[in-house]
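The values are calculated or read from the model by the stated rules, or taken from the named source; none is laboratory data. Bear in mind the structure is a predicted one, so any value in this text is a computation, not a measurement. Note: ideal-geometry Cβ built from the backbone for every residue, glycine included; neighbour counts use all protein chains shown. Accessible surface areas use protein heavy atoms only, side chains included; no ligands, DNA or RNA. Shrake-Rupley method; radii C 1.70, N 1.55, O 1.52, S 1.80 Å.
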Amino acid sequence: MTGRDDRVRAGLPATARIAVPGRARVGEGPVWDAATGSLHWVDIPAGHLHTSDPATGRTVTVELPTLVGAAAPRRGGGFAAATAEGFAAVGPGGPMDVRRAILPASERMNDAKCDAHGRLWAGSTAMDFEPGRGALHVLMPDWTSRVVLDGLALPNGLGWSPDGRTFYLADSIAGEIWAFDTRPGSTELSRRRTLRRIPAASGMPDGLAVDAAGCLWVAIWGGGRLARISPEGDLLGEIAMPVPQPSSCAFGGPRLDVLYVTSAREGLDLADDDPSGSVFALDPLGVVGLPSTPFAG
């Protein structure tokens, strides 16, 4: 590798700074909203849906009466949320309407992300993360949904290659990041293969973002770092984070050249001034991300 990839490997091109101070139990699901210039993210167990202005650190919070794994802006306003029940519509200011109650009480939705066609893909998991009970769902713009993949444990880290022909999914419990063949516009997945395995001793693969070069940026929960992985599965570099549980990431900013990283305090014995639970910004990275798409329903 040359130039900026060598700097990524050495951990030199970016420093982590606090963009949004917080104490989230499990911060997750960041998504950049280009229409408003804001970052949406959630605190899963608290049921909080945050909208933050990274320029000022100001955050507006909607408190939902449920666990929320992720939420995507809707084309017509409000959000489509992946919740403990299944899928819900959240209006501006917070009223929530469960539109697809598809999960039993012992399960919940986890990470979720919209594809380029405005469909919301979401992973479900058992509350105790029992292997085999998790699944990958897709919510269509008409609010119908179907299971695309089952037999999972803790699905996380959804993403697509820039040409839409490869779908990525991490299973945190399995410690694997998978790649699948797909077709632009299709919800069918085929030819699952392990892109990269993360050894349990070094953390778990959590949320991810794909950059315009087709590389994956993966938050390593329990490992205190972000990993950049090529489309072939090679580790191109790692960036140390100032917190042990980075949870997910998304490119944002006017030029999509800032990587925002959520984090978590859950399960840790921390000092009051520990920054875990905040949202961090990594820049400069020398790369840009892909634009997000709102839910089309």
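Quick notes on this one:
- Taken along the Cα-to-beta-carbon direction at a fixed 7 Å, the label points for Asp33 and Thr61 span 1.7 nm.
- Anisotropy class of the chain from Cα gyration tensor, a/c 1.5 cut: rounded
- Considering only Gly91, Gly159, Gly22, the mean-square fluctuation computed in a Gaussian network model of the chain, springs between alpha carbons under 10 angstrom, is largest for Gly91.
- Shown is the FRET efficiency for Arg183 and Asp272, computed with R0 = 51 Å from the Cβ-Cβ distance and rounded to the nearest 0.05: 0.50.
- Gained length - Arg191 relative to Trp143, 0.36 nm times residue gap less alpha-carbon distance: 14.5 nm
- Overall form of segment 130-282: prolate. Here a/c, set by the Cα gyration tensor axes a ≥ b ≥ c, is 1.5 or more, and a/b is the larger of a/b and b/c.
- Sequence-separation-based contact order of segment 80-150, relative, with Cα cut under 8 Å and 6+ spacing, percent: 22 percent
- Of Gly57, Gly267, Gly77, the one that fluctuates the most in a GNM where the chain has Cα springs shorter than 10 Å: Gly267
- Near the amide H of Leu195, within less than 5 Å, lie the amide hydrogens of Ile177, Trp178, Ala179, all on another chain or at least 5 residues away, with H placed in the peptide plane.
- Note, ³J(HN,Hα) from phi for segment 127-138, Karplus 6.51, -1.76, 1.60, rounded to Hz, x at Gly and Pro: 4, 9, 6, 4, x, x, 9, x, 8, 10, 10, 10
- Solvent accessible area, Å² - Cys249, 1.4 Å probe, full protein context: 0 Å²
- In segment 211-277, trypsin sites (Lys or Arg not before Pro) in a DSSP loop with at most 15 other beta-carbon atoms within 10 Å: Arg255
- For the pair Ala240 and Ala213, label points projected 7 Å from Cα toward Cβ lie 2.3 nm apart.
- Shape of segment 134-189, Cα gyration tensor, a/c cut at 1.5: oblate
- The chain: relative contact order in percent, alpha carbon pairs under 8 Å with at least 6 residues between: 20 percent
- Neighbourhood net charge (11 Å Cβ-Cβ; Lys/Arg +1, Asp/Glu -1) for Trp221: -2
- Relative contact order, whole percent, for segment 159-297 stands at 16, derived from Cα pairs under 8 Å and 6 or more residues apart.
- For segment 26-144, convex hull of alpha carbons as volume per residue, Å³: 101 Å³
- A Cβ-based charge dipole, computed about the Cα centre of segment 125-271 with Lys and Arg at +1 and Asp and Glu at -1, lands at about 240 debye.
- Euclidean distance between Cα centres, segment 195-232 to segment 27-78, Å: 23 Å
- Dividing the helix sum by the residues of the chain, where each DSSP H run of 4 or more adds -39500 (n - 2.57), gives a mean residue ellipticity at 222 nm of -500 deg cm²/dmol.
- Computed 3J(HN,Hα) for segment 103-109, one whole-Hz value per residue from the Karplus formula 6.51 cos²θ - 1.76 cosθ + 1.60 where θ = phi - 60°, is 10, x, 5, 8, 10, 7, 7, glycine and proline marked x.
- Candidates Ala84, Ala201, Ala153: whichever shows maximal mean-square fluctuation once the chain is modelled as a Gaussian network with Cα springs under 10 Å: Ala201
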